[in-house]
Amino acid sequence: MTSSDRSGVLPLDISEPVRPSTSPEPPSSTPAVRLAASDGEPAPAARADPDRLHSRCDLQFDPTVAHPARVYAYWLGGKDTYAADRQAAEEVIRLRPAVVASARANRAFLARVVRFLAADCGIRQFLDIGTGLPAPDSTHQVAQDVAPQCRVVYVDNDPVVMAHARALLTSTAAGACDYIQADVRDSGTILAGAAVTLDLTKPVGVLLLAVLHFVPDSDDPAGVVATLAGGLAPGSFIAISHLTADLAPEQVGAAAQAYNALAPVAVTPRTHAQVSGLFGGLPLLAPGVVPACEWRPDIGAVAQPCDLHAGVACLPRGRR
Ligand SMILES: C[S@@+](CC[C@H](N)C(=O)[O-])C[C@H]1O[C@@H](n2cnc3c(N)ncnc32)[C@H](O)[C@@H]1O
């Protein structure tokens with residue numbers, strides 16, 4: 001058994017401390033930082049400005065501050081966590097024990113969506129925004145299991161996540177993986193960076209899983225999705241999963257409040273109507289926006305309580 005089998009999150013020893021981006025500042029002027037290309041060569045952006053790459057990636061980070069990716073990894077059974085992450089994660093578990101099942105349901109949703117898009121819809125390009133720490137059944141693994149030539153671009157605003165991704169999320173020879181450090185709110189940077197690896201004139205499967213609840217209303221998450229959608233070809237898909245308090249308003253509300261008191265990046269649970277609104281009226285695939293575990297579940301799967309709404313929309317052909 002590998003340690004990834006045991007923990008659910010793949011291990012990586014980053015001996016040099018790096019600092020995750022904890023600032024929720026809108027990053028509109030932040031250039032994308034590309035960490036590696038699939039062939040092991042630095043990609044053009046990194047080659048063009050190695051000093052900037054170094055300065056962005058070789059930063060100190062503060063392990064006394066809980067971080068979204070590591071807290072989530074803890075719920076998935078991961079070991080790459082610090083006391084502050086475990087404290088925040090345990091406090092949420094205390095107030096809403098179903099958070100663990102919800103995190104697992106979200107990962108299972110990711111795998112089902114990617115498999116569906118690759119196998120049933122012929123999607124060969126994926127843009128995974130808000131990657132998280134590497135875990136089994138990552139986007140490129142699922143996609144390349146279906147079609148080894150699939151190309152995947154991972155995006156996260158946390159340089160630690162990107163360092164792990166670069167080391168562990170590696171492509172088949174036939175396909176490609178690329179890594180962009182950028183904020184989900186910076187659609188222009190993401191699309192420009194993704195275009196280095198993906199052909200944006202062809203359909204792309206965009207994943208926005210468990211990330212938009214880190215975008216406050218004041219930063220217009222629906223506008224973020226709309227801007228991304230505006231840069232995609234007809235026939236593309238957008239998958240969203242998002243924290244909700246609909247099933248257990250008091251418990252999830254208390255848990256979110258506790259989390260927000262302990263972590264620098266706040267979460268905003270949203271209702272079914274609000275999560276549906278993030279798709280901006282794009283046509284939703286059946287069954288629409290539902291608890292993540294109810295989105296096209298595997299045959300025989302037993303539904304668990306799940307505090308994430310999830311759905312997948314398509315960009316109709318003939319649009320643009
Ligand atoms: C809960 S994890 C979800 C990981 C993965 N998408 C999944 O569903 O399993 C959230 C991830 O989003 C990232 N994130 C949070 N806010 C972000 C932002 N504004 N821009 C880009 N990434 C962000 C965090 O660093 C973290 O890696």
Estimated distance in nm for a label pair at Ala119 and Glu250, the labels positioned 7 Å out from Cα along Cα-to-Cβ: 4.2 nm
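For the range 32-314, how big is the tail of P(r) above 26 Å, as a whole percent of Cα pairs?
On the way: 15696 of 39903 pairs.
Everything past 26 Å amounts to 39 percent.
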Packing-based exposure ordering (other Cβ within 10 Å, fewest first) of Val100, Val153: Val100, Val153
Span from the the range 243-268 Cα centroid across to the the range 94-156 one, whole angstrom: 24 Å
Lys, Arg +1 and Asp, Glu -1 on Cβ, resulting dipole of the range 32-314 about Cα centre, debye, nearest 20: 420 debye
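Would you mind ranking Glu91, Glu250 so that the residue whose beta carbon has the fewest other beta carbons within 10 Å leads the list?
Working: Glu91 18, Glu250 10.
With the fewest neighbours first, Glu91, Glu250 line up as Glu250, Glu91.
How much length would be gained if the chain were fully extended between Arg94 and Tyr82, taking 0.36 nm per residue of separation minus their Cα-Cα distance, in nm to one decimal?
Details: separation 12, 0.36 × 12 = 4.32 nm, distance 1.81 nm.
Here the answer is 2.5 nm.
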Label-to-label distance, nm, for residues given as Ala301 and Ala167 (7 Å Cα→Cβ offset): 3.1 nm
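Is there a quick way to get the dipole size of the range 219-320? I mean about its Cα centre, with the Cβ of Lys and Arg at +1 and of Asp and Glu at -1; what is the value in debye to the nearest 20? Numbers along the way, then the final one.
Details: 5 positive and 7 negative charges, 107 e Å.
Roughly 520 debye for the range 219-320.
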Rough spin-label spacing in nm, given labels placed 7 Å along Cα→Cβ, for Ala266 and Ala101: 2.9 nm
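FYI, it's all coordinate maths here, none of it is from the lab. It should be emphasised that the depicted structure is a prediction, and the values quoted were computed from it without experimental measurement. Quick reminder, even Gly has a Cβ in these numbers, built from the backbone with ideal geometry, and neighbours come from all protein chains shown.
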